[in-house]
Ligand SMILES: Nc1ncnc2c1ncn2[C@@H]1O[C@H](COP(=O)(O)OP(=O)(O)OP(=O)(O)O)[C@@H](O)[C@H]1O
C-alpha cells in the first residue's frame, strides 16, 4: 500500500465564503487510515463548517477536498455507505424501539457489504458496545438525552464506516457515558482501523483520544501535530513543586529534569515531596489561540 492509499482525508487550500466574509482561509490537512484526529478551536473557528464540507453537506468556495478518494461535493450513495456521521440527537422514529431501529437502519447497508467489510453490524453487538443493552427494547421517545447520544453513536457506526465524523460527540454526556464513548472510539480505531475525525471543546478528551490535533482559529489552522509536539512548539514551561523542611516551593522551568537533579543533589533527604507538572494541552491550546488572535489585523498592541 502506498502512502497516498493511506490518506483518507486530504484537504488542500479550502476556503469557505458566506456573502463577502471568509470563514475558512486556505485550510489544508490530511488524515491517515486508522488515525483519530481532533479538530479544536474556539466558538466560530470553523470546525463544523470544515466537517460539513468533508461530509458533503456544504459546498466549499475554493480549494480541493478528497475523502476516501472522492470529492465529497460529488458524493454517491456508495461513498455515503462508507462514511459514518453522528448527528446531534436522533429525533425521528420516537415510537420505534432501540434494537428495532438499529436493525432497520442497518438493513439499508447490506447491499454495500464487501468481502473485507461486512455490513451492517449486528444490532445486539451494537447495543452492547454503545452501552444500550438495558434500553434495547425501550421506545426512543422515552430515552434520556445521554441515552439518545449513545443511540446517535450506534446509528453512526451501524454501517461499519471506514471514516467516522463526530461533531462534539460527548456534549451533555455524564462521566460514565463519556467513558463508554471513549472506550468505543479507542476500540474502533484499534480493532476496525476506523479513521475518526472529531470536534470537541474538551481538551482532556482530545488529549486522551486523538493521535493528532489540528487547532483552527478564525478559520485558519494555527497548529497541527500530536499533543506532545504542540506542547514543545510553544516551549511550555514545566512547573516543579516541592516541600523542603516543611516549606512549600514552586518554580517554572523549561529544564525540569536538570532542575530536579540539582535540587535533590543539593538538598537530598530534606525534600519530602516533589511534583513536576508538564504543560498540559490546555496551556498549549490557550497559548496558541491567544498568539493567533493577537496576530490578527487590527488587534496589534500599539
Ligand atoms: N450558513 C451560514 N451563513 C453565514 N455564516 C455562517 C453560516 N454557517 C456558519 N457561519 C459562520 O461561520 C463561522 C464558523 O462557524 P462554525 O459553525 O463552523 O464554527 P465552529 O468552530 O463549529 O463553532 P462552535 O464551536 O461554536 O460550534 C462562524 O462565524 C459562523 O457564524
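Brief remarks follow.
- FRET efficiency, residue 204 to residue 32 (Cβ-Cβ, R0 35 Å, nearest 0.05): 0.90
- Rounded to 10°, Cα long-axis angle of helix 145-157 versus longest principal axis of the chain: 70 degrees
- Full-stretch length increase - residue 118, residue 18 - with 0.36 nm per residue and alpha-carbon distance subtracted: 32.0 nm
- Crossing angle, helix 98-107 versus the chain [Cα axis fit, 0-90 degrees, rounded to tens]: 70 degrees
- Spacing of the modelled spin labels on residue 87 and residue 59, each 7 Å from Cα toward Cβ, amounts to 2.2 nm.
- The length gained by stretching the chain between residue 248 and residue 171 to full extension, at 0.36 nm per residue less their Cα-Cα distance, is 23.9 nm.
- Sequence-distant contacts, meaning Cα pairs under 8 Å at least 6 residues apart, place the relative contact order of the range 89-215 at 25 percent.
- Calculated FRET efficiency, residue 70 to residue 128, Cβ-Cβ distance, R0 = 30 Å: about 0.40 to the nearest 0.05.
- For the range 178-258, a Kirkwood hydrodynamic radius built from all Cα pairs, placed in the Stokes-Einstein relation at 20 °C and 1.002 mPa s, yields a translational diffusion coefficient of 137 µm²/s.
- Helical runs assigned H by DSSP (4 residues or longer) give the chain a calculated mean residue ellipticity at 222 nm of -10000 deg cm²/dmol, each run adding -39500 (n - 2.57) before division by the residue total.
- Gaussian network model of the chain, Cα within-10 Å springs - most flexible of 92, 245, 283: 245
- Over the chain, relative contact order from alpha-carbon pairs under 8 Å, at least 6 apart, %: 20 percent
- Computed Rg/Rh of the chain, alpha carbon atoms with Kirkwood Rh: 1.06
- Relative contact order, whole percent, for the range 238-294 stands at 41, derived from Cα pairs under 8 Å and 6 or more residues apart.
FYI, it's all coordinate maths here, none of it is from the lab. Remember, it's a predicted structure, so these values are computed and weren't measured experimentally. Ideal geometry is used to build each Cβ from the backbone, glycine not excepted, and the neighbour counts take in all protein chains shown.
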